[in-house]
1. Considering each of A:37, A:53, A:69 in turn, give the residue that is among the β-branched types (Val, Ile, Thr) and part of a loop (DSSP other than H, G, I, E, B).
2. Kindly indicate which of B:50, B:82, B:96 is surrounded by 19 or more Cβ atoms within 10 Å (Cβ to Cβ) and among the β-branched types (Val, Ile, Thr).
3. When you look at residue B:319, is it touching a Cys at 6+ places or on another chain (Cβ under 6 Å) and either within 18 Å of residue B:210 (Cα to Cα) or modelled with pLDDT under 95 (or both), yes or no?
4. For segment A:1-56, what are the residues that are β-branched (Val, Ile, Thr), farther than 16 Å from residue A:100 by Cβ, at the interface with another protein chain (Cβ under 10 Å from one of its Cβ atoms) and touching a residue at least 12 places away in the same chain (Cβ under 8 Å)?
5. Under the condition of being more than 22 Å from residue B:314 (Cα to Cα) and within 14 Å of another protein chain (Cβ to nearest Cβ), which residue from segment B:56-79 is surrounded by the most Cβ atoms within 10 Å (Cβ to Cβ)?
6. Among the residues of segment A:78-88, is any farther than 15 Å from residue A:10 by Cα, acidic (Asp, Glu) and either within 10 Å of the chain's Cα centre (by Cα) or not in a helix (DSSP H, G or I) (or both)?
7. Quick one: how many residues across segment A:57-66 are at the interface with another protein chain (Cβ under 8 Å from one of its Cβ atoms) and either in contact (Cβ under 8 Å) with a residue 12 or more places away in the chain or of a type in the set (Phe, Trp, Tyr) (or both)?
8. Applying the selection to segment B:309-322, what residues are without any contact (Cβ under 8 Å) to a residue 40 or more places away in the chain, within 13 Å of residue A:45 (Cβ to Cβ) and among the hydrophobic types (A, V, I, L, M, F, W, C)?
Amino acid sequence: MAESLFNRLGGEAAVNAAVDVFYRKVLNDHRINRFFTNSDMDKQIAKQRAFLTMAFGGPNSYTGKDMRTAHAKLVDIGLNEDHFNAVMEHLGATLTELKVPADLIAEAAAIAESTRNDVLGR
Amino acid sequence: MTTIIFNGKKYRHQTNETVLDTLLKADIQIPNGCREGVCQSCLMRSLDAVPPSLSQKGLKESLQLQKFFLACRCNPEQDMAVALPEHELANITAIVSHKEALSVDIMRFVLSFQEPFQFFAGQFVNLTRFDGLTRSYSIANLPGQDNILEFHIKRLPFGRFSSWAHNDLKPGTALKVSEAKGSCHYLLGKSGQPMLLIGTGSGLAPLAGIINDALSNNHQAPIKLYHGSSEPKGLYLVDEMRSLAKTYHNFDYNPCVSLAKATDSFKQGRAHDVALADTPNLSGWRVYLCGHPEMVQQSKMSAYLKGASLNDIYADAFYTTPG
């Protein structure tokens, strides 16, 4: 069996490196940072870590329902397609910056993309 | 086969098992998630042996030093006593040996102790008086100095513990001291990493300890301290810090006062505003933040946005207890 995406990306070390770069990009983006600042910074970082672990094909137990529930309040205050696209953009830019090969970035992006409808509550 | 000790009970640990396996098999509830060393839900702490390095991968260095580890990645080759992270070690008793005013509202207390006690300068403990009233205070001195602990206690307007300490706590009085807690301390082996330390009020206590620790360990990179107060009279240890800055060319001391015009002896502005304006790029820096909770939260975010890595930001917010 081929090695998992998570291992090919470098496992937990990759998540650690990516969370630092990714969350900084998100906070510096005025289009979306309001969705990421209204709670404790440590809690936010834990959430970003969980998101990246999932996008990297790593061990996680998210269900579509969890994704819906977790983002419902944000949808109420206006979370939409454009915001989701912005996050996807930062995910790609983060991995490019960390010199991840394009085919692996595409795999991770596809996993993140698969949550779109649940995140946006559709 | 080795033995894992949890809550005083012994469990047989098979060669190919992790500590998490051993404890779950014995029906002990240990929080866990991915079981691959990623989610860090199964964080535990060794009470004796140094955990295998694989089980500490990805943890903050300060947690590694305090022997925290991930149970799902831990397959120890020797016996190990383990505990959940919130587990408290036993209190010790310490006796007040010295009391001295440092500023209008901050008092230095030195306590001496006999029992074995491990700490790093900058960590905090809970101090408990005769009737059980307990407050957290940071340790301002280095270990290995004659079994003493130094604290800087700020008098709060309605602070029950701090008012009592200022008015009535006399040399000779015994206090209970909890184990030393927290990640706010110096790390050995990083002598080339520049350090930024920002503190308000008695937030200088842990920072002074960390600075002395760094300098006595021959830290090479720049160390910049910003200590803030609303008024000039709130600054303290000014002479000590100035004299350190004279002795060590890599140590830079910046007292800041928010409600007075700058003079030769201090800068105007809130300590974190001045500090962050002075250092536009914090990429590669280690940052320590101690004192007012709002200052700590804001600075944490700003330091991160200026490039400091999340694992290099150490914060200790001083929350006050109402009443």
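The values are calculated or read from the model by the stated rules, or taken from the named source; none is laboratory data. Computed from a prediction, not measured in an experiment: that's the story for all the values here. Cβ: placed from backbone, ideal geometry, glycine included. Neighbour counts: every protein chain shown.
1. Every option except A:37 fails the conditions.
2. B:82
3. When the stated conditions are applied, residue B:319 does not pass them.
4. Within segment A:1-56, A:45 is the sole residue that qualifies.
5. The residue in question is B:72.
6. No: zero hits.
7. Of the residues in that region, 2 qualify.
8. B:310, B:313
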